[in-house]
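Working notes, beginning with the structure itself.
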Amino acid sequence: MRRSFSYLLASMLVVGATFSQSVLGQEQVKVQKVYHPPEPYTAELKITRVQTLANGTTITHVTKQTRARDAQGRSVFIEAKLSEDGQETHSSTDVDDPVAGTHTTWNAVQKKATVVHHPPPDQRSGCWQAPDGYRESSTSVGISAMRVERPKPVREDLGYTTIQGVQAHGMRTTYLTPAGKAGNDQPLTRVIEDWNAPSLGLQVRRLVDDPRTGKLDQELVSLTRGEPDSALFQIPEGYEIVNQEMVPCKE
């Protein structure tokens, strides 16, 4: 079950509002932070993955994504695989609804939707799990034991540019794996370039160049600002619906 878009709800804008007060005859300026959720939108993205084999053969996969968020904070993530002639061959949908406290997924092949009901917000501390095995935890357990020492990446600020009419900030990150660290006889260099639109909380461009997995190009092809179509958040008619309640994790 894909739950890859939760990061979209965590992105917020910070607007500073100042006020002053007198302390011992001197003026002190304090900053009160007010958080505003990103604005609603509907975005279409195209993702192209190209892997080059040792004999020069290339394998290309193209997918289309639809991402949207409304003023209530509900978000939807739809991913569809495309054939060589551009036709959709498979699609899956994830809907996160913080108002109803649910996370819903479905796909066009099985025509089955799963609705996971989260516990009330004031009871979400600790570890919770769904019957399908998915877990959510507000605490980190055993991270230090799993931590692997890695060389620090090199980050380069690319500044701002405009993509599909929205301002985006870019960052290029370079990861170097020294020879012998991963069974490699020569150093490996992986480069990731990300462009994010702060006003939308949306990644509008991503480029990945990895000698092990190939190249990835994710581009924003269309953007509509404003309330998305409510039908995007609704389970299609005729689908089987399975409801699941999250319960405290078993020891």
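For the criterion of being modelled with pLDDT under 50 and either in contact with a Lys or Arg (Cβ under 8 Å, 6 or more places away or on another chain) or within 30 Å of E237 (Cβ to Cβ) (or both), T18 passes. Just the residues that are touching a Gly at 6+ places or on another chain (Cβ under 9 Å) and either farther than 21 Å from R155 by Cβ or without any contact (Cβ under 8 Å) to a residue 12 or more places away in the chain (or both), please, taken from the range 176-228. Scanning the range 176-228 gives L223, R225.
Pairing residues of the range 85-111 that are of a type in the set (A, V, I, L, M) with residues that are assigned to a strand (DSSP E or B) and surrounded by fewer than 16 Cβ atoms within 10 Å (Cβ to Cβ), at Cβ distances under 7 Å and at least 6 apart in sequence or on separate chains, gives A108/H90; V109/H90. Determine whether G101 is in contact with a strand residue (DSSP E or B) (Cβ under 9 Å, 6 or more places away or on another chain) and within 26 Å of Q244 (Cβ to Cβ). Yes, satisfied. Given the structure, is L216 aliphatic (A, V, I, L, M), outside any strand (DSSP E or B) and buried (at least 16 other Cβ atoms within 10 Å of the Cβ)? No, not satisfied. Is it the case, given these coordinates, that V221 is surrounded by 13 or more Cβ atoms within 10 Å (Cβ to Cβ), within 16 Å of E44 (Cβ to Cβ) and touching a strand residue (DSSP E or B) at 6+ places or on another chain (Cβ under 6 Å)? It is false that V221 is surrounded by 13 or more Cβ atoms within 10 Å (Cβ to Cβ), within 16 Å of E44 (Cβ to Cβ) and touching a strand residue (DSSP E or B) at 6+ places or on another chain (Cβ under 6 Å).
For the range 189-205, the count of residues that are closer than 23 Å to T161 by Cα and basic (K, R) is nonzero.
The values are calculated or read from the model by the stated rules, or taken from the named source; none is laboratory data. Just so we're clear, the structure is a prediction, and the values are computed from it rather than from any experiment. Here the Cβ is made from the backbone with ideal geometry for all residues, glycine too, and neighbour counts use every protein chain on show.
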